[in-house]
1. When you go through 360, 371 one by one, which is the residue that is free of Cβ contacts under 8 Å to residues at least 24 places away in the same chain, in contact with a helix residue (DSSP H, G or I) (Cβ under 6 Å, 6 or more places away or on another chain) and outside any helix (DSSP H, G or I)?
2. So which residues in the stretch 162-185 are surrounded by fewer than 10 Cβ atoms within 10 Å (Cβ to Cβ) and farther than 28 Å from residue 506 by Cα, if there are any at all?
3. For residue 246, work out the one condition from (1) touching a residue at least 24 places away in the same chain (Cβ under 8 Å); (2) assigned to a loop (DSSP other than H, G, I, E, B); (3) surrounded by 14 or more Cβ atoms within 10 Å (Cβ to Cβ) it doesn't fulfil.
4. How about the stretch 385-476: which helices (runs of 4 or more DSSP H) wholly inside it have at least 2 residues that are in contact (Cβ under 8 Å) with a residue 60 or more places away in the chain?
5. Report, by residue number, each residue of the stretch 298-321 that is part of a loop (DSSP other than H, G, I, E, B), in contact with a helix residue (DSSP H, G or I) (Cβ under 6 Å, 6 or more places away or on another chain) and either modelled with pLDDT of 95 or more or within 27 Å of residue 448 (Cβ to Cβ) (or both).
6. For residue 348, are the conditions met, namely being buried (at least 18 other Cβ atoms within 10 Å of the Cβ), under 31 Å from the mean Cα position of the chain (by Cα) and under 23 Å from residue 265 (Cα atoms)?
7. Which of (1) part of a loop (DSSP other than H, G, I, E, B); (2) more than 30 Å from residue 437 (Cβ to Cβ); (3) touching a strand residue (DSSP E or B) at 6+ places or on another chain (Cβ under 7 Å) is the odd one out, the single condition residue 329 does not satisfy?
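The values are calculated or read from the model by the stated rules, or taken from the named source; none is laboratory data. Keep in mind that what you see is a predicted model, and the values were worked out from it rather than measured. Cβ coordinates were reconstructed from backbone atoms using ideal geometry, including for glycine residues, and neighbour counts include every protein chain displayed.
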């Protein structure tokens, strides 16, 4: 049975419109879905690209880590496993002698050609030192010279080297005994043996050489032992260590005197530098200690002191009662001492300059403008140094030339500080100067003061070089001993004294020197004629 229902035209139009709207909605949703699909595909591609980039970076970093681990912990010997089949016939790599001769002749012609090119005027051959001993070697001609007349000599000199020689110093002390007296008593007579370190088989000059090799030329003790072994002299490492400990103990009183004289100066520069130290309580790692360095430019003397940390308590013992001019970098620990009424705190202009140099790429115009001011200030200091101006004239020169520059520089910094972002490099440079402006100007108060802390920073460089060679101190006591020798040798350098001769003289004479006279053994006070 078939049913038919008649639908009017109007109803069909209404139905069509409804279907059309649904179709439009579906089309719109489809377009949105396709758009989202494309965005998802783009994101997927981007993520894939990022993934590949990150995988590459991870792989590269893993490679670098392995290389660093190998350099630090692995064997330094290169091991190469050849992929060459041992059964394969080997190739002949021998070169004919004629080809070798041709190569040598070609190289000679090349050298001859290069030498024939015009060069700058040579300043002349370096003159050999006149104080050195001369060993004459007379070379007679191989020809027969009988019947010929001698007309003079052709003299050629060369500087030669003889390795240092060790020798045994043997003290022989004859012993005498008196005849028996009425009571049958006798007494023995023998010369007194006065050695700096009893029962130590090393002499003063050898001990001095060991410490100079380590501290000044950065030769760790184990390398020195190898040098001894090359000359068939075998010394146990423990013996070497005991020599160092005994020598350090011997001159320790002189170190205390040195500290007292430096901390009593009215002008000090202070800085600190890290040093790694082996600590038995920290297995598998090293302790981060610090060398605190005090330098008196007036006396040209250095004092290193080892401390386990970098906190405010580290320099407290030395600076708590200090009175005078104290010059430091921007480390906050020093601010506590700079606020005292008895202390004038000086900041370092070189540190301020570094901030503006870093800011050149951020704001070249402003950073360069301030650097020009600083350049003018250093030109004034260079003029005073080159003309060897005394403190009074240096003081007057600074007030006349440097003070107007500083005032203009300070005004520019104050006006532009609010125009830059505080966390930007130029903002940090402005802020560094504003917080320390009075301290940066305090060097104007006395002609003996320095514009920066560079003198003490230069004095710390030997420590930085030493760290790269011996890597760490063997103990906290070892680090304290290092500080003592850096103090003495650094002061020797300031006074143009041979540190090896100085130390040998001190070891030989310190036991016979009264405490009140120990000052005269210090490098800044010693009579140089005694160690020449």
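1. Among 360, 371, only 360 is free of Cβ contacts under 8 Å to residues at least 24 places away in the same chain, in contact with a helix residue (DSSP H, G or I) (Cβ under 6 Å, 6 or more places away or on another chain) and outside any helix (DSSP H, G or I).
2. The answer is 174, 175, 176, 179, 180, 181, 182, 183, 184, 185.
3. Here residue 246 clears every test but (2).
4. Of the helices (runs of 4 or more DSSP H) lying wholly inside the stretch 385-476, those with at least 2 residues that are in contact (Cβ under 8 Å) with a residue 60 or more places away in the chain span 425-435, 437-441, 454-470.
5. 300
6. Spelling it out, residue 348 is indeed buried (at least 18 other Cβ atoms within 10 Å of the Cβ), under 31 Å from the mean Cα position of the chain (by Cα) and under 23 Å from residue 265 (Cα atoms).
7. Of the numbered conditions (1) part of a loop (DSSP other than H, G, I, E, B); (2) more than 30 Å from residue 437 (Cβ to Cβ); (3) touching a strand residue (DSSP E or B) at 6+ places or on another chain (Cβ under 7 Å), the odd one out for residue 329 is (2).
Yes/no per residue for (1) more than 29 Å from residue 321 (Cβ to Cβ); (2) touching a strand residue (DSSP E or B) at 6+ places or on another chain (Cβ under 8 Å); (3) at pLDDT 95 or above:
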position: 348; (1), (2), (3): no, yes, no
position: 356; (1), (2), (3): yes, no, no
position: 359; (1), (2), (3): yes, no, no
position: 362; (1), (2), (3): yes, no, no
position: 365; (1), (2), (3): yes, no, no
position: 368; (1), (2), (3): yes, no, no
position: 372; (1), (2), (3): yes, no, no
position: 385; (1), (2), (3): yes, no, no
position: 391; (1), (2), (3): no, no, no
